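Heads up: the structure comes next, in C-alpha cells.
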Amino acid sequence: MRPIRLGFRGVAVGLILTGGFLAAGALPAPAQTGEVVIYSARHYGQEPAFEAFTKKTGIQIKILNGSTGEMFERLRAEGDRTPADVLLTVDAGNLWNAARAGLLQKVDSPELQANLPAHLRDPEMRWVGLTVRARTIMYNTKKVTPAELSTYEALGDPKWKGRLCLRTSGYIYNQSLIATLTRRHGEAHAEAIVRGWSQNQPTIINSDTKILEAIAAGQCDVGLTNHYYLARLVAKDPAFPVAPFWANQQTTGTHVNVSGAGVTAHAKNRANALKLLEFLSSPEAQQMFADVGFEYPANPQAAVNPIVARWGRFKQDDINIAAAGEFQAAATRLADRAGYK
Ligand SMILES: [Fe+2]
C-alpha cells in the first residue's frame, strides 16, 4: 500500500490504495459486472473477511482506502457517477452524517435485522454497525481500585481533580459519547456531567493510546478511551498496568459505538453490496472482522477475542447509536459551554 495524492474537482484527496486498484492519478474504472467496490475508512485488517466472501460467493471486491472525510467528500463529489457500492467507516456519528447527506440508501434485509441488535443499526436501515467498541473508564491498576469507580458522571467528583486524562471534546469518539449522554439525560444534565470533568482540570491528550500510556506512567490515574486500544497494548505487554472499568453498569450501561457500513445511494451493484453486508454480519465473518482489531462482534452469536473476553461481559447502553449523529451538534455546544476543550 502506498499513499498517493489525487486531485479531484480541485480537492486534494490523500488516499491509500489497496491491491493495485487504481493507477496513480486515475479515477476509478467502472466496476466490472457484479464486483463490489468499497470506500473504506476502517483500517483494521478486514481483508480475511473480504477474501472469505469472495471465496464463498465468487463476487470480487475492490477497496479504496482513505480517511472518513476523504471518502465522504469523494462520494459527494462523484454523485451518481461514483463507482462505490459500499461505504465502510468507523463511528455511528460518521455513518449518520453520510446518511443525512444522502450518500447511503435504505436496505431491506431480514438477515441483517436478525444478526445485528436493533440499537447498533440505523432505524431506517441506511447503515448497520458491524463491530462494537466500548468507550469506558480506564484506570491505573496500581493506584486505583475498581471500588472507587462507578459512572461517567462520577469522574466529575472532586477526588479526580488533576488525575483525569481525556481527549478533546471535538474528537468524534467523545462527541459520540457526549451525544448519547445527551440523548439519555437531556442537555442540562449532560452539560452538568461534562462540567464536572472539566472542573477536574483534565490533561488533554489527543490519542487514546497516549492516554493509556499516560495512565500507565502515572501521569494521570483515570481516563476515557476505546477498549481496543488497551487490548493492543496488553497484547504486546500482558503486565501493562491499566484495566477497563465498565461504566454505568448499575444504571444506563457502558457507551458503545460501532464501525459499520451502508450501501451507497448510487451503488451499481446493489444486490451484491447487500450480500456482502449480510455476510459480514454472519457469525463466521463477524469473528474475523472484529478479531483483528480487538473489537466486539456486533452479532452476539460470534466469539470474542480472548484478550478482550478476559475483561468479562458488560451491559451496553442500548440507546440507538443514531443518537451519536442526532445529538452531535448539541454535544459540541454543551461541551463548549461546560468549558471542556
Ligand atoms: Fe479508533
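Quick notes on this one:
- Of the chymotrypsin sites (Phe, Trp or Tyr not before Pro) found in region 228-279, not one falls in a DSSP loop while having at most 16 other beta-carbon atoms within 10 Å.
- A P(r) calculated from all alpha carbon pairs of region 42-186, with 5 Å bins opening at zero, reads 2, 7, 13, 16, 18, 15, 10, 8, 6, 4, 2, 0 percent.
- Highest-MSF residue in the chain out of 147, 101, 231 [GNM, Cα springs under 10 Å]: 147
- Dipole magnitude of the chain about its Cα centre (Cβ charges: Lys, Arg +1; Asp, Glu -1), debye to nearest 20: 560 debye
- P(r) of the chain over all Cα-Cα pairs, binned every 10 Å from zero, in whole percent: 6, 25, 32, 24, 11, 2, 0
- When the chain is treated as a GNM with alpha-carbon contacts under 10 Å, the residue of 92, 192, 265 showing the greatest mean-square fluctuation is 192.
- Å² of accessible area per residue within region 232-308, as computed with a 1.4 Å probe and no ligands counted: 36 Å²
- Average accessible surface for region 45-102: 38 Å² per residue, computed with a 1.4 Å probe over protein heavy atoms with every protein chain in place.
- Every Cα-Cα pair of region 223-263 was included, and the share exceeding 17 Å stands at 47 percent.
- Accessible area of region 158-260 belonging to carbon and sulfur atoms, whole % at 1.4 Å probe: 49 percent
- Centroid-to-centroid separation of region 274-341 and region 148-181 [C-alpha atoms, Å]: 18 Å
- Across the options 174, 257, 299, the greatest Cα extent toward the positive end of the charge dipole of the chain (unit charges at beta carbon of Lys, Arg, Asp, Glu) belongs to 174.
- Heavy-atom accessible surface of region 80-129: percent carbon and sulfur, 1.4 Å: 45 percent
- Based on alpha carbons, the Rg and Dmax found for region 146-282 are 18.0, 57 Å.
- Positive minus negative residues near residue 185 (Lys, Arg vs Asp, Glu; Cβ under 14 Å): -1
- Shape metrics for region 272-341, restricted to C-alpha atoms - Rg then Dmax, Å: 16.7, 47
- Projecting the Cα atoms of 290, 331, 235 onto the charge dipole of region 227-341 (Cβ charges, centred on the Cα centre) puts 331 farthest toward the positive pole.
- DSSP-defined beta bridges in the chain - what % are antiparallel, rounded to 5: 75 percent
The values are calculated or read from the model by the stated rules, or taken from the named source; none is laboratory data. Computed from a prediction, not measured in an experiment: that's the story for all the values here. Methodologically, a virtual Cβ is constructed for each residue, glycine included, from the backbone with ideal geometry; neighbour enumeration extends over all protein chains shown. These accessible areas exclude ligands, DNA and RNA; they are computed on the full protein's heavy atoms, side chains included. Shrake-Rupley method; radii C 1.70, N 1.55, O 1.52, S 1.80 Å.
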